[in-house]
Structure formats: C-alpha cells, structure tokens
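Novice: My questions all concern the structure below.
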Protein chains: 2
Amino acid sequence: MHCQFICTQCGRRYSFDEPKLRCDGCGEPLEAIYKSLKPEVEGQGSLLRKFRGFYPFGDVSEAMSLGEGRTPLIQSSVAGGQLGIDALYFKDETQNPTWSFKDRGTLCGVQYAISLGYKRIGTVSTGNMAASVAAYGARAGLSTFILVSAGIPAEKVKPIAVYGPHLIRVKGHYHELYDESLRVGEGYGIYFINSDAPFRVEGSKTIAFEICEQMHFHVPDYVVIPVSSGGNFRGILKGFEEFKSVGLIDDIPKLVAVQAEGCPPIAEAFEERREKVRRVRNPKTIARAIENPYPPSGNQVLRKLGENGGLALTVSDGEILDAQRLMAREGVFGQPAACAPLAATKRLISKGYLKPEDRIVLIITGAGLKIPSALDHLDVPIISTAVDGLMDAIGKVVEGSS
Amino acid sequence: MHCQFICTQCGRRYSFDEPKLRCDGCGEPLEAIYKSLKPEVEGQGSLLRKFRGFYPFGDVSEAMSLGEGRTPLIQSSVAGGQLGIDALYFKDETQNPTWSFKDRGTLCGVQYAISLGYKRIGTVSTGNMAASVAAYGARAGLSTFILVSAGIPAEKVKPIAVYGPHLIRVKGHYHELYDESLRVGEGYGIYFINSDAPFRVEGSKTIAFEICEQMHFHVPDYVVIPVSSGGNFRGILKGFEEFKSVGLIDDIPKLVAVQAEGCPPIAEAFEERREKVRRVRNPKTIARAIENPYPPSGNQVLRKLGENGGLALTVSDGEILDAQRLMAREGVFGQPAACAPLAATKRLISKGYLKPEDRIVLIITGAGLKIPSALDHLDVPIISTAVDGLMDAIGKVVEGSS
C-alpha cells in the first residue's frame, strides 16, 4: 500500500523510505498517510496481519511478534459504581508482552526498520519503552541501543538489561538526548523508535481498532489517555479516524489527555489556550511514565484536541495513588501513569463535564509491577498469628466485617 | 452439565456441592468429572464461556473475568536455534491479568465458590496465587483471605496488598497452614482456592485447550511444565485428555514435570520409582514459585506420569538463571520458575531424550517482574557518557561488534 509521511503542521511530505521523526522545515512530528485503506479487520495472527489493510507492510512475518495487543476491555464495577457511571471500561494494556502499550508501537516500528533494511534500532527511555524496544530488538535479532538518563533508578535497570541490549547511560537533559539520538542514528544507521516516531504512532492505532471491535463498532463517548510525548494519544485518535474514514464507525469519541500536576506542559497550554507547549522546569511526579517536560508531539496533541473537541487536564499524585488503589480493588493493578485516567474521570464527573450516562474508556497503559516503589506509601493492615491462632484471627475479621 | 468429584486414588465420589479439596478416605486430591462433555470451542468471551462445553457452569456472567487466558504461543528462534529444535514454543502465561497462569484457575475457582453461594474466599500462598486470588476476590466483591507465611519477602507483600484482601501472616510450616486453612474455611464459610483445588485444576485445562487450537489440533510431542503442588500439571493433562475424549485431538503429548534441584519431591520419587512423594527438608531454590516441599498433588502427578509416559527431572538454580537470560534474549522475560522448562529442555536434548525434530511447548508460568531480586546477579555491562560523547560511545560499540 502506498504510504508517505506528512508534517502534522506544515503539510510537507516525505517518502516512505525517509526514516524521519520530524519535519525538516518546522520541526513538528510526522505522520504516516495512505492513499487507500482497506477495511479488513478479520483473521488471526499478529496485529500487523490482522489489520493489514491499515498498514503498508503487506503480509508480514509473524516471527517478530510476541503476541502483543488483543488486550481485554474490562467493564468497571467498583470505580464505576462509586462514580455512578454504568459504562466505564478499562482497556488493560498491562496484558502485553512487556506489560505496557508500548509493545504495539515497537512491533510496528521494528517492522518499519526491517523493511528499510536496518540492522540496528534504539530508543531513548528509562521506562516501558526501553523494556519494549529491548525485547523486540532481541526478538528480531537486531543490535539494540537503549539510551537511559543518568538518574535512572536502580530498580529499572535490570528489567531492561535482561533482554541484552547495549545499555548506555547518558548524562544530560532528555530533550538533548532525544535530539542527539537522531543524529547518532543517522551517523551509524540506527533507527531510533522514539516515543512519537511515525510508526510507533501507527502501532497505537490498534488500541482504537480493538476498542471499536470490543464495543461492536458503537464507539464510546470518551477515551481517557495518560499523555507523555503525545505519541500514544495521536495513535489512538488516528485509529478512530481511519476506522471512520473506511466506514467501520460513524463517530469519533472525544479524547481526554491526562497529565500529572507535577509535569503538565500540554494541559497547561490547553488551559491557557496556547498553540505551543512550553518546557516544564523541574518536573516531578510519581507517574514517571508521563513525566515528559517538553513533549515532542505536544503541539500536535493541542491541534488535535481543538479539532476533536476533547480536553486536557491534570491530576495530582495523591489522586493518582487513590485511583491506583481503587482500580486494584476491582482487580486491575496499573502503574501510576496508568491510573491517571481514573483520577481524571473522578474530577470530570465532580465538575459535571462527564455525565453518568457517558460511555467512557480508560487506557490502562502499564502494569503496576513496573514501579514497585510506587507502593511504598501503601498502608498494609496485616494480621500476624501462629497457625494455632489462625481460627481466632479469622474469626475476629469475619465478625468485625459482618 | 452433571459434575461430580472423584478421588484421584481410590475413586470415591463426592457431589458437586461438597467443596472438598481432598478425599476423606485416602487424603488424595479430588478431580471434577462430567457425564458428558460438549466439543464446542467457538465464540467470544471469557474462558468459561468459550469452553462452556467443558464446564458445569452454563452461561456464566462475564463480570468476574479480567480477560485471563488467550495467551500467545510464541515460536522460539534464539533458544530453538541454539538447541537445534525447529518447533520449540513458549506458551506465554505472563500475559495474564495478574501476570501468571494462576488467573485461569482463580477465575474458575471463584465461579465455583459463587455458584455454591460463598461470600468469602481465600488462599495460602506468598506468590502468584496470592495476587491472583486477591485480584479476583476484589473483582467478584468477595471477602478475601490471603494467608502468607511469616517469612514472606517484603517485595512480595504490597503487590498482593494493593488488591485489598485480608492479609494474614502466619507463623508455621506451609503444610500445617494448608491443612488449617481448610479447617478454618469450614468453620467460617471461606472457600479456599488452594493450589490444587479441583476447580483451580479445571482452570488450567484451558492452557491445553488453547495449545490445541493454536497448533491447529495437531498436538505437540512434549509439554514441559514447572511443577509445584501439581495442580497446573494435572489441569494441563486433563485438558488434553478431555479434548481427546470428545474427538478434537487424536493424541496426548508426553508431559515433562520440571522441579528445582533444591526442592525436588516429585522428581526424586519419579527417579526412585516410588509411588509417593516424601517431604523435602530445607527446600531452597531461586525458583520460589516451585519451592513446595510436600506437594499435595505429588502422588497424583506420579500416577499420571506413569500412564502418560512422561518424565520428571530437576534443574539447578544456575541452569534456571541461564535459561532466564536466554529466553529474554528473544523477548520473553519469565520469573525463575517459568524458565525451568527451557533449562530442562536443554538437559533433555543433551541427553538425547528430546530430539531436534520434536515439537515442544514450554509453559512460561509467570512474569519476570514478579521477582526483581532474581536479577540481582545479572551482570549489566553499562556504558556511561555525557551527551556530547554519545556519538563516540556508540561508534565504539558499532565498530566493536562488526
């Protein structure tokens, strides 16, 4: 299928075999566009095979796949009940090969890199994306470069290192590192599948595709997404837009971009009706996966929010941790960033922006096990007893709660 | 569908509404049996709905489901290549709601408990099963009791506690605790979904069902399973037996039970051609999920291995950690117990028991993130640089590896 890249701001075009992440002219992110999409969504196999009508790869090899995607859409009972919303759903991206949504975009990015003949890939990340790219790079037999910032917490290093990438700890700001990675990539033939690389965004489309299928093509009113670079947000929206363009759905949900109070570049610009994000000084939030002080797709998210009629807002770390516990009380344990959508929904219900009759999907981006330290403040009421005291101990609990 | 329980040793029968875990007569585990199975394996929905012809629950509510099962079968390239096996597969159970195979059996056990009118459930576990039962208990709105042993490592407590169960730390041996839990359960109306409860075993059947589907009903020659209590082993075998009984498959694979050298009650009895397992003194292995010194279904596993023509063997902690790294080098990161099957396959290939042309499925029981400390000994070659030294640093790697 014919595919090009187009600048999301100025419309300048680039050919499929120019592996760029942003426009030479205006520096804004690029997006893949197709001459024609084929509304085929049937069949077995990996996401790129199942949705091949929406990708330029033809009949891909299944050898690159680790079984990503096809994650459940779980109807909330506890949180939904508490908020008075009947149709509240968790799209549980924690059930992916490396336990976050990143695997969809990584598969897609690796496929693109391979189709261009690359033998080396990389990424700049200290979190979900690092593990994901390391895993898929290993799977594809590519030489894989993971650039992490010097301040990476120890608990995060080994779950990346285990996949065997070249792990490089770089002193410097994230944005310098991001820019330098592209320069190094050109120099050494390394395709950097960074957070808003066009084909990473193409991978995130499948979240929207699956939501459509799971809701029998009757789309929700709102989709609530934790937003960092903006790549996942862009991909999910693009997925709905493409399904609408081929007639599989009639409407596009409103999108809600959630950021942390401690790092809100997009939400702040949205609030102040600015067209451009500004760099956040001293970002700080427990939701590390959305702690991006200067999101490369930030301006594009703002443009899209305008078209879409959605909104951006912030939630506090306290609200995020409350939401984490609330979600776990119905069996879904997300990492802090993954719990921001529920925190945001709570806010928006209390403000009257969301209504009890709305159908709302929350994107649960990554697994709670990713950041064990986020549970440090969890108060654990634990009962201790010897075996012969067990009957009594349980008796007290049972009587106390009845 | 008519369902009874039968003692796996003496054949004594119990009715469906007697929530027993073992035979009153001989103390051996019970198993669910059906008058007739219906070979229907089509359709959407949770495992209990999809495979409803193999369960006594009829058309179940989907509200209990967290999207368990439907895990990928991934063909190995790196390990398979290294061992010279073409058809080596990972059944990746890490992509479950609480990131282990336990979720299948927990769903099934909860469904059984609810169908008998229980309002309280529990389990005895410090690992995967504790998190799983806590999650599904929360999901189902049941009062949930998790009994953990006094020596539980701190890193394991909070990922269980987050789901909000009654967490009870009990001083005493595991087997005492197991027995006492059943007594307490009777006393207070708590259904303990322990490791080899009949309906937990029924949940594990779906692993076999899915393997059959994923291999187009042409079953593998071998399925290699980490074995602790024996419940999962029994369930997988039962799944193949049931599919054969209804004519969906023609053969039953040989099963390989893998244990750790530091805790090998079943493998030792198998080796010594004993009919009964003996309690292991001072069990010690990095593969904590299979560190069960006196497995309640151990004798039944021995009986079944005899009928099936399979075998049991041990692997060392060193072999397990090697296998963990090898699997991660193709994108699959399992917890130590989950890597024992690959370690065993390596041994069995070198002994000539397994042949390069065999079709082999390894059960990857739980996620690597479960036990971060298992990576403590991982040697991480990490390169450090400032941003302006990145080009040089990567240049050295590229030149060094080409």
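No value in this document is a laboratory result; all are computed from the given coordinates. Keep in mind the model is a prediction, meaning the values are calculated, not measured. Virtual Cβ from ideal backbone geometry, glycine too; neighbours counted across all protein chains shown.
Novice: Among DSSP beta bridges whose residues both lie in chain A, state the antiparallel percentage, nearest 5.
Specialist: 35 percent
Novice: Moving on. Give the order of B:Val301, B:Val380, B:Val110 when sorted by the count of other beta carbons within 10 angstrom, beginning with the fewest.
Specialist: Ranked by crowding around the Cβ, least crowded first: B:Val380, B:Val110, B:Val301.
Novice: Let me ask something additional. In whole Å, how far is the Cα centre of the stretch A:158-225 from that of the stretch A:230-291?
Specialist: Between the Cα centre of the stretch A:158-225 and that of the stretch A:230-291, the gap is 15 Å.
Novice: When DSSP assigns beta bridges and you keep just the ones with both residues in the protein assembly as shown, what percent turn out antiparallel, to the nearest 5?
Specialist: 30 percent
Novice: Related question: Summing Lys, Arg as +1 and Asp, Glu as -1, what charge do residues with Cβ under 15 Å from the Cβ of A:Ser373 carry, A:Ser373 excluded?
Specialist: Here the charged neighbours net out to +2.
Novice: Taking chain A as a Gaussian network, where each spring joins two C-alpha atoms under 10 Å apart, which residue of A:Leu378, A:Leu30, A:Leu66 fluctuates the most?
Specialist: Result for chain A, Cα springs under 10 Å: A:Leu378 fluctuates most.
Novice: Which residue fluctuates the most in chain B, going by a Gaussian network model with Cα springs under 10 Å, if the choices are B:Asp103, B:Asp358, B:Asp388?
Specialist: Greatest mean-square fluctuation among the candidates belongs to B:Asp388.
Novice: Now for a different question. Please give the contour-minus-distance gain from B:Asp376 to B:Gln82: 0.36 nm per residue of separation, less the Cα-Cα distance, rounded to one decimal in nm.
Specialist: 103.3 nm
Novice: Starting at the first residue of the stretch B:75-81, write each ³J(HN,Hα) from the Karplus equation 6.51 cos²θ - 1.76 cosθ + 1.60 with θ = phi - 60°, in whole Hz, x for Gly and Pro.
Specialist: Values, residue by residue: 6, 6, 10, 5, 5, x, x Hz.
Novice: Report, in degrees rounded to the nearest 10, the 0 to 90 angle that the Cα long axis of helix B:128-140 makes with the longest principal axis of chain B.
Specialist: 60 degrees
Novice: Amide H to amide H under 5 Å from B:Leu354: which residues, 5+ apart in sequence or cross-chain, H placed 1.01 Å off N in plane?
Specialist: Correct list: B:Ile349.
Novice: What nm distances, shortest first, do you get from the label point of A:Arg279 to those in the other copies when the point sits 7 angstrom along Cα to Cβ?
Specialist: Between copies, matching label points for A:Arg279 lie 6.5 nm apart.
Novice: Please compute the net charge surrounding A:Leu167, taking Lys and Arg as +1 and Asp and Glu as -1 over other residues with Cβ under 12 Å from its Cβ.
Specialist: Combined, the nearby Lys, Arg, Asp and Glu give +2.
Novice: In whole Hz, with x marking every Gly and Pro, tabulate ³J(HN,Hα) for the stretch B:315-321 from phi via Karplus 6.51 cos²θ - 1.76 cosθ + 1.60, θ = phi - 60°.
Specialist: 9, 8, 4, x, 5, 5, 5
Novice: Only helical DSSP H runs with n ≥ 4 go in: add -39500 (n - 2.57) per run for chain A, normalise by residue count and round the 222 nm mean residue ellipticity to 500 deg cm²/dmol.
Specialist: -11500 deg cm²/dmol
Novice: Once amide H atoms are built 1.01 Å from N in the peptide plane, which residues 5 or more positions from A:Thr365, or in another chain, come under 5 Å H to H?
Specialist: A:Ala338
Novice: Note the distances from A:Arg12 to each other copy's matching label point, with points 7 Å along the Cα-to-beta-carbon direction, in nm, sorted shortest first.
Specialist: 8.2
Novice: Ok, one more. Given label points at 7 Å from Cα along Cα→Cβ, what nm distances, shortest first, separate B:Ser245 from the same residue in every other copy?
Specialist: The projected label point of B:Ser245 is separated from its counterparts by 5.3 nm.
Novice: May I ask for the longest run of chain A untouched by GluC sites (Glu not before Pro) that are loop-located per DSSP and have at most 16 neighbouring C-beta atoms (other than their own) within 10 Å?
Specialist: Counting at most 16 other Cβ atoms within 10 Å as exposed, the longest clean stretch of chain A is A:43-271.
Novice: Right, next: Could you tell me how many degrees, from 0 to 90 and to the nearest 10, lie between the Cα long axis of helix B:298-308 and the main elongation axis, the longest principal axis, of the Cα atoms of chain B?
Specialist: Helix B:298-308 sits at roughly 80 degrees to that axis.
Novice: Just check the protein assembly as shown against the gyration tensor rule for me: Cα atoms, a ≥ b ≥ c as the square roots of the eigenvalues, rounded for a/c under 1.5, and otherwise prolate or oblate depending on whether a/b exceeds b/c.
Specialist: Since a/c reaches 1.5 and a/b is larger than b/c, the shape of the protein assembly as shown is classed as prolate.
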